[in-house]
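Below is one structure; the comments refer to it alone.
The values are calculated or read from the model by the stated rules, or taken from the named source; none is laboratory data. Nothing here was measured: the structure is a model prediction, and the numbers come from that model. Note: ideal-geometry Cβ built from the backbone for every residue, glycine included; neighbour counts use all protein chains shown.
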Amino acid sequence: MKKGISSNLKEIVVYLFVGGLTTVISWVSYALFEMLFSGVIANSVMLASVANVLSWIIAVAFAFITNKLWVFESKSFKAAVVLKEAGTFVASRLATGCLEWFGLPLVMLIGFDQALFGIEGMVAKVLISVVVVILNYVFSKLFVFKKKEK
């Protein structure tokens, strides 16, 4: 049975709420890892990189669980289904992560390098983030948690 407009709207609203929580978890875990490893890793770039990778892992794990349960309401907990969903989810997040990583400087180079709130390049960051959020939703809906038509 096809979803109605109200259930699609609900899905999008829950997706955006969960995405906000995922962002908070990413930022908080990044800060915690920075504090935790600051006495162990002296190089600030290396410290930021380690903290960023670990916070990304935590954020993606949180996003997978919340998207599975609440956004796309995937009800199967069979190992094969969960492993397929998790693998596809992580792959899609890696793809959009690469898009963000490489896309940000590109968007800045084509002219969106303006400052926003006094932060250089923030306009490009916002634009690329919007694209990434939309793609994450589309990938999750079409490839990760796709519903079988009855």
Output for the stretch 67-113, where each listed residue is under 18 Å from Leu135 (Cβ atoms) and polar (S, T, N, Q): Asn67, Thr88, Ser92, Thr96
Which listed residue, of Phe145, Phe64, is closer than 21 Å to Lys10 by Cβ, outside the structural domain of Ser29 (by TED's automatic domain parsing) and surrounded by 17 or more Cβ atoms within 10 Å (Cβ to Cβ): Phe145
Residue list for the stretch 34-51, filter: within 28 Å of Leu135 (Cα to Cα) and either of a type outside the set (S, T, N, Q) or in contact with an Asp or Glu (Cβ under 9 Å, 6 or more places away or on another chain) (or both): Ala48, Val50, Ala51
Test set (1) in the same structural domain as Gly20 (by TED's automatic domain parsing); (2) crowded, with 19+ Cβ neighbours inside 10 Å - Leu69 fails condition number: (2)
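Any idea how many residues of the stretch 104-124 are assigned to a helix (DSSP H, G or I) and buried (at least 17 other Cβ atoms within 10 Å of the Cβ)? So that I can check it myself, show each step before the final result.
Taking the stretch 104-124 as the starting set, the residues that turn out to be assigned to a helix (DSSP H, G or I) are 104-109, 122-124.
The next check asks that each one be buried (at least 17 other Cβ atoms within 10 Å of the Cβ); those that pass are 104, 107-108, 123-124.
So the count comes out to 5.
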Looking only at the stretch 36-53, and only at residues there that are part of a helix (DSSP H, G or I) and over 23 Å from the mean Cα position of the chain (by Cα), the one that is nearest to Glu100 (Cα to Cα): Ser44
Residues located in the stretch 27-45, provided they are aromatic (Phe, Trp, Tyr) and either touching a Cys at 6+ places or on another chain (Cβ under 7 Å) or free of Cβ contacts under 8 Å to residues at least 24 places away in the same chain (or both): Phe33, Phe37
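Could you list all residues from the stretch 125-148 that are polar (S, T, N, Q) and either touching a Gly at 6+ places or on another chain (Cβ under 7 Å) or in a loop (DSSP other than H, G, I, E, B) (or both)? It would help to see each step written out before you state the result.
Narrowing the stretch 125-148 to residues polar (S, T, N, Q): 129, 136, 140.
Scanning the stretch 125-148 gives no hits.
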